[in-house]
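The structure under discussion appears below in the form of structure tokens.
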Amino acid sequence: MCEGYDLNAVGEDLRALRIVSPAYAGRDGELTAVLQYVYQSVLLGGCGQTELAALVASIAKEEMHHLQILGTLIVKLGAPPVFTACPPYPVSYYSASCVNYAKSPRAILAADIAAERAAIAEYDRMLGCLDDAPVAAVIAHIRADEAEHLRRLRAAAKFLPHE
């Protein structure tokens with residue numbers, strides 16, 4: 001048991017698998033979040049925006065943890081963690097074209113805020129559909145982290161100069 005959820009309590013559940021799989025490597029899933037935040041941290045660091053680069057790098061690490069949690073969850077639910085929106089089906093493999101490649105700090109934060117809001121809404125939708133309590137606990141934990149990311153990004157946006 002860890003952080004309010006227990007992945008060991010999760011068993012095979014194909015219905016829950018279909019509900020949560022898009023969050024793993026779907027167009028707006030955790031894999032996109034990881035790649036987008038890493039791209040942004042490198043870009044911002046190279047432009048001298050060190051504080052903002054550090055913020056998005058820290059969120060990237062948290063999103064990577066979510067990706068790992070969801071991959072483990074998918075395995076427990078009965079499928080290999082293939083980078084598609086609907087494991088185990090090897091169709092529509094993930095594409096890095098899903099990443100928002102904004103370049104200005106203001107555009108980056110706007111994209112990230114929109115993505116975090118969408119992630120929260122998607123996790124809320126999942127929670128409304130799930131009847132598997134251990135899976136719902138995992139999703140609720142990730143959703144809470146996304147709400148914290150949104151709070152941190154909004155706070156950072158307040159300190160950006162207008163372009």
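What the table shows:
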item: Candidate aspartates and glutamates - alpha carbon under 17 Å from LYS103, same-chain residues fewer than 8 apart omitted; result: GLU51, ASP112, GLU163
item: Paramagnetic reach from ARG18 (point 7 Å along Cα→Cβ, amide N under 16 Å) across the stretch 50-86; result: 77-79, 85-86
item: Degrees, to the nearest 10: 133-157 long Cα axis against longest axis of the chain; result: 0 degrees
item: Segment THR72-ALA144, length gained on full extension (0.36 nm per residue, minus Cα span); result: 24.0 nm
item: Of GLN36, GLN68, GLN49, the one that fluctuates the most in a GNM where the chain has Cα springs shorter than 10 Å; result: GLN49
item: Neighbourhood charge, 15 Å Cβ-Cβ cut-off, centred on GLY128 and excluding it, Lys, Arg +1 and Asp, Glu -1; result: 0
item: In degrees, nearest ten, helix 30-46 long axis to first principal axis of the chain (Cα); result: 20 degrees
item: Most to least packed among 135-142, 57-64, 92-99 [average Cβ atoms within 10 Å]; result: 135-142, 57-64, 92-99
item: P(r) weight above 26 Å for the chain, C-alpha pairs, percent; result: 28 percent
item: Max mean-square fluctuation residue, GNM over the chain, Cα-Cα springs under 10 Å, options VAL75, VAL56, VAL91; result: VAL91
item: Magnitude of the charge dipole, the stretch 15-110, Cβ model with Lys/Arg +1 and Asp/Glu -1, debye to 20; result: 240 debye
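Taken together, the values in this text are just the output of simple stated rules run on the coordinates, not laboratory data. Every value quoted in this text rests on a predicted model; they were computed, and no experiment measured them. No Cβ is skipped: glycine too gets one built from the backbone with ideal geometry, and neighbour counts run over all protein chains shown.
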